[in-house]
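Below: one structure, written as structure tokens.
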């Protein structure tokens with residue numbers, strides 16, 4: 001018995017030493033500290049996208065600030081999305097159908113990398129729409 | 001003697017949980033081909049985004065440029081070609097060349113894959129008219145990337 005005990009203690013210590021490392025704590029998402037403006041004219045039934053770089057893991061907010069049709073403010077709903085550039089388009093992962101407003105309509109947390117904001121006319125618009133989107137990201 | 005037995009047992013256990021080292025290999029990463037085609041008007045540019053899966057060079061080749069009409073002869077007009085990253089509504093190029101269509105890559109640039117984020121491994125190939133186009137052309141660009 002005495003000869004076994006030391007071996008068991010040592011082997012237990014060794015087993016602890018080569019066990020899997022503990023799981024790293026989930027990082028806290030960084031706040032969006034940078035802001036980019038994506039503005040343009042959306043064709044009837046068309047889409048447009050804008051690429052931006054997230055520099056660290058954190059929160060991305062998209063706000064469709066305004067939409068004007070025939071020089072008048074419009075409450076027509078469009079699809080606003082976040083995705084990744086792929087081919088000649090933006091491959092979306094998070095979407096929201098929304099009218100223009102002052103609070104972010106699409107939000108999410110993302111790892112560092114290149115992403116895109118995409119706006120699609122689903123109504124369709126009666127004529128081309130002039131839009132303004134704010135992209136806030138870390 | 002008891003201590004010796006304990007040490008032998010511990011050594012055996014310790015050896016059993018160590019990773020066996022493997023010799024590094026120098027195998028080049030496999031590369032995939034993608035074709036970017038479209039129609040370009042005078043003064044316009046276009047780009048195509050792709051994701052690299054490993055760190056290695058990416059080649060871009062303008063392989064065909066034809067008037068946007070059937071049965072027309074191929075064009076040898078120099079075009080601007082580039083490799084970069086998507087930014088805003090365009091592709092921000094870091095390596096560029098001006099060349100007519102050909103069979104060999106006109107632009108080659110190192111591209112890096114980031115394992116922790118596929119979004120960090122996105123690049124783009126760009127084609128632009130530099131003033132030589134007099135009408136719409138159909139182009140085909142071959143992108144070979146890891």
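The values are calculated or read from the model by the stated rules, or taken from the named source; none is laboratory data. The structure displayed is predicted, hence computed values, not measured ones. Here Cβ is always computed from backbone atoms with ideal geometry, including for glycine, and neighbour counts include all displayed protein chains.
Out of contact with any helix residue (DSSP H, G or I) (no Cβ under 8 Å at 6 or more places or on another chain), within 23 Å of residue A:89 (Cα to Cα) and either modelled with pLDDT of 90 or more or part of a helix (DSSP H, G or I) (or both): is that true of residue B:30 in this structure? In short, no. Residues being surrounded by 15 or more Cβ atoms within 10 Å (Cβ to Cβ), touching a strand residue (DSSP E or B) at 6+ places or on another chain (Cβ under 7 Å), at pLDDT 95 or above and closer than 16 Å to residue B:130 by Cα are entirely absent from the stretch B:49-61. Looking across the stretch B:88-107 at every residue that is in a loop (DSSP other than H, G, I, E, B) and touching a strand residue (DSSP E or B) at 6+ places or on another chain (Cβ under 6 Å), the one that is nearest to residue A:51 (Cα to Cα) is identified as B:89.
Answer with yes or no whether residue B:85 is closer than 30 Å to residue A:135 by Cα and assigned to a strand (DSSP E or B). Yes; evaluated as a whole, the condition is true for this residue. Of everything in the stretch B:110-120 that is surrounded by fewer than 19 Cβ atoms within 10 Å (Cβ to Cβ) and touching a residue at least 12 places away in the same chain (Cβ under 8 Å), the residue that is farthest from the other protein chains (Cβ to nearest Cβ) is B:110.
Specify which of the listed residues (B:38, B:43, B:102, B:84) is within 14 Å of chain A (Cβ to nearest Cβ), modelled with pLDDT of 95 or more, more than 12 Å from the chain's Cα centre (by Cα) and within 24 Å of residue B:133 (Cβ to Cβ).
Going through B:38, B:43, B:102, B:84 in turn, just one is within 14 Å of chain A (Cβ to nearest Cβ), modelled with pLDDT of 95 or more, more than 12 Å from the chain's Cα centre (by Cα) and within 24 Å of residue B:133 (Cβ to Cβ): B:38.
Return yes or no: is residue B:127 closer than 30 Å to residue A:55 by Cα and modelled with pLDDT under 95? Judged against the criteria, residue B:127 is not a match.
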